[in-house]
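The structure appears below as structure tokens.
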Amino acid sequence: MEDPVVLAVCTSAAVVTCKHNFLNSSEKRYFSEYFFELSVNKLVDMFDDPDKALESVLVINLMLPFMIQTLRVSEAYKWVSIAMLLCKNLQTENPGYAQGGPGLPRMTRIKYALLHRNSVLCECAMALIDFVKNDKRNEIEPNNVQFDILPDESRKIKNIISMFNRILGLSLHPSFIAVVTQARQLAAGDVAELSFEEIIRYEETVIEWWHNLPEELKMCSEPFNLTKEAVERETDVRRILMASYVHTITLSIQGCLIRPKPQRNVEPVYSIIKDRALYLAMHSADMCLLLMKQIEKIDSFCYSPSKLLVRSIDSLMSLLQVPDDTMAKMAQQKLSEYMHALTKQVLPDHQVPPSASPYNMISVAPKGSTPPVTELYKNFPLPGEALIFDVVRTTVERNAKLLALDSQ
């Protein structure tokens with residue numbers, strides 16, 4: 001228990017919310033706090049030692065889930081900033097770190113792989129923290145990020161990194177970035193313009209990417225032709241995860257495409273886009289829920305389904321704004337299914353009741369008149385879990401009430 005990496009692993013392992021964690025809420029917080037304090041003490045003594053720079057970055061990344069779960073956003077920002085500086089120095093010392101490959105000496109290859117993976121993790125973590133802390137939406141840069149898969153890694157790790165490389169190949173494609181960036185602006189309520197050509201290029205990119213996947217990673221021949229029967233008979237978690245990625249992204253993007261007002265003289269084109277977006281969004285909403293249930297059923301992969309559910313719920317909220325009563329009611333019914341599934345996943349003692357909702361108070365109080373969010377949720381063992389559930393439930397219920405009033 002003297003190794004800082006082991007202590008950091010214990011910190012985050014204790015606080016995970018997957019069903020395989022047998023600790024109750026208070027035990028999760030107690031053990032994770034204990035290991036976090038030990039990890040930080042080790043980190044303070046080592047992060048300025050050049051010989052331990054890579055180890056320090058690894059420790060910081062391993063502790064991040066705990067810091068986010070306990071809403072230590074400022075502390076996370078501090079440590080990730082340090083990790084990014086350490087990564088920059090290490091990248092300067094090791095200019096070929098992003099290449100890797102079997103031609104390198106064994107220990108050099110391992111060092112390069114660790115540096116590359118942790119550098120990307122730091123960048124992703126900083127983007128998330130910047131968004132939460134500063135409402136900053138960083139631009140996504142097209143890139144060809146591919147992680148080196150080391151020969152002595154376990155089969156499960158090799159499979160995960162291989163899938164992640166495929167996902168990065170799509171996520172960082174210029175056509176994909178163009179649509180995701182615009183959809184993200186629309187979701188935030190900003191002005192955005194999506195051309196018909198951009199949407200067509202995006203869909204062609206997704207289809208081509210899917211066709212190029214090896215057969216062991218795809219459940220069906222076409223990405224948008226997935227059926228309930230295909231999901232329910234699938235037992236390979238890799239195929240389920242790849243399908244989950246495609247349909248979560250589809251729901252997110254198509255849900256946003258329903259919102260924008262058409263530019264002049266393109267109303268017929270916009271109508272086609274909207275109708276197709278509605279169909280794809282509802283189909284993906286069905287598939288995401290089925291895929292999540294199938295992962296749970298086969299029980300061969302450890303993850304927290306609440307993240308997938310929350311992202312899908314956020315996307316479904318867009319469909320409530322469609323000026324079509326039938327579609328809005330379908331979206332509301334689907335939202336109810338998702339909220340029921342989320343309630344089953346979130347720990348009972350973190351399901352904030354409406355009568356005690358801090359978020360409800362924040363959203364109606366004058367700006368600057370409420371305590372920090374960390375104070376409002378500090379009585380929950382896992383404040384991040386309580387915050388997310390509270391925000392989602394309150395927002396869904398408010399929109400349901402508005403929908404009911406509009407239909408009267």
Problem - Residues that are touching a Phe, Trp or Tyr at 6+ places or on another chain (Cβ under 9 Å) and either surrounded by 14 or more Cβ atoms within 10 Å (Cβ to Cβ) or of a type in the set (Lys, Arg) (or both), drawn from the range 92-113 - result: Asn94, Tyr97, Ala98, Gly100, Leu104, Lys111, Tyr112, Ala113
Practice task
Return only the number of the condition from (1) out of contact with any Ser or Thr (no Cβ under 8 Å at 6 or more places or on another chain); (2) surrounded by 16 or more Cβ atoms within 10 Å (Cβ to Cβ); (3) modelled with pLDDT under 95; (4) in a helix (DSSP H, G or I) that Lys156 does not satisfy.
Solution key: (2)
Exercise for the section: Looking only at the range 130-151, decide whether some residue is out of contact with any helix residue (DSSP H, G or I) (no Cβ under 8 Å at 6 or more places or on another chain) and at pLDDT 90 or above. Expected result: yes
Exercise for the section: Scan (1) surrounded by 19 or more Cβ atoms within 10 Å (Cβ to Cβ); (2) part of a helix (DSSP H, G or I) for the single condition Asn89 breaks and write down its number. Expected result: (1)
Completion exercise
Counting only residues in the range 186-200 that are crowded, with 17+ Cβ neighbours inside 10 Å and modelled with pLDDT of 65 or more, the one nearest to Leu316 (Cα to Cα) is identified as Leu186
Exercise for the section: Out of Gly96, Gly103, Gly169, report the one residue that is within 22 Å of Ser244 (Cα to Cα) and either in contact with a Pro (Cβ under 7 Å, 6 or more places away or on another chain) or at pLDDT 90 or above (or both). Expected result: Gly169
Practice task
Answer yes or no: is there a residue in the range 348-360 that is in a helix (DSSP H, G or I), within 20 Å of Thr250 (Cβ to Cβ), modelled with pLDDT of 80 or more and not small (Gly, Ala, Ser).
Solution key: no
Exercise for the section: Only residues that are aliphatic (A, V, I, L, M) and either in a helix (DSSP H, G or I) or in the same structural domain as Val132 (by the TED database) (or both): list them for the range 361-394, please. Expected result: Met361, Ile362, Val364, Val373, Leu376, Ala386, Leu387, Ile388, Val391, Val392
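Looking only at the range 1-32, filter to residues that are aromatic (Phe, Trp, Tyr) and within 16 Å of Gln69 (Cα to Cα); which one of those is surrounded by the most Cβ atoms within 10 Å (Cβ to Cβ)? Give the steps one after another, and end with the answer.
First pass over the range 1-32, keeping only residues aromatic (Phe, Trp, Tyr): 22, 30-31.
From what is left, the residues that are within 16 Å of Gln69 (Cα to Cα) are 30-31.
Details: Tyr30: 14, Phe31: 16.
The selected residue is Phe31.
Of the residues that make up the range 36-43, is at least one touching a residue at least 60 places away in the same chain (Cβ under 8 Å), in the same structural domain as Asp130 (by the TED database), in a helix (DSSP H, G or I) and surrounded by fewer than 21 Cβ atoms within 10 Å (Cβ to Cβ)?
Residues of the range 36-43 touching a residue at least 60 places away in the same chain (Cβ under 8 Å): none.
Within the range 36-43, none of the residues are touching a residue at least 60 places away in the same chain (Cβ under 8 Å), in the same structural domain as Asp130 (by the TED database), in a helix (DSSP H, G or I) and surrounded by fewer than 21 Cβ atoms within 10 Å (Cβ to Cβ).
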Practice task
State which residue pairs qualify: first residue at pLDDT below 85 and inside the range 380-405, second residue outside any helix (DSSP H, G or I) and of a type outside the set (Asp, Glu) in any location, beta carbons under 6 Å apart, and separation of 6 or more residues or different chains.
Solution key: Asn399/Leu320; Leu403/Leu320
Practice task
Those residues that are more than 26 Å from Gly384 (Cβ to Cβ) and touching a residue at least 24 places away in the same chain (Cβ under 8 Å), I need them from the range 100-123; list them, please.
Solution key: Gly100, Gly101, Pro102, Arg109, Ile110, Lys111, Tyr112, Ala113, Leu114, Leu115, His116
Completion exercise
Here the qualifying pairs (Cβ atoms under 9 Å; residues six or more apart or on different chains; first in the range 8-22 and assigned by the TED database to the domain that holds Pro65; second modelled with pLDDT under 90 and acidic (Asp, Glu)) come out as Lys19/Glu296; Lys19/Asp299; His20/Asp299
Problem - Qualifying residue in the range 88-97 (condition: farther than 30 Å from Phe31 by Cα, of a type in the set (Asp, Glu) and touching a residue at least 12 places away in the same chain (Cβ under 8 Å)) - result: no
Exercise for the section: Give the number of residues within the range 305-316 that are surrounded by fewer than 17 Cβ atoms within 10 Å (Cβ to Cβ) and either touching a Pro at 6+ places or on another chain (Cβ under 8 Å) or in contact (Cβ under 8 Å) with a residue 40 or more places away in the chain (or both). Expected result: 1
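The values are calculated or read from the model by the stated rules, or taken from the named source; none is laboratory data. Since the model is a prediction, treat every value here as computed from it, not as a measurement. Quick reminder, even Gly has a Cβ in these numbers, built from the backbone with ideal geometry, and neighbours come from all protein chains shown.
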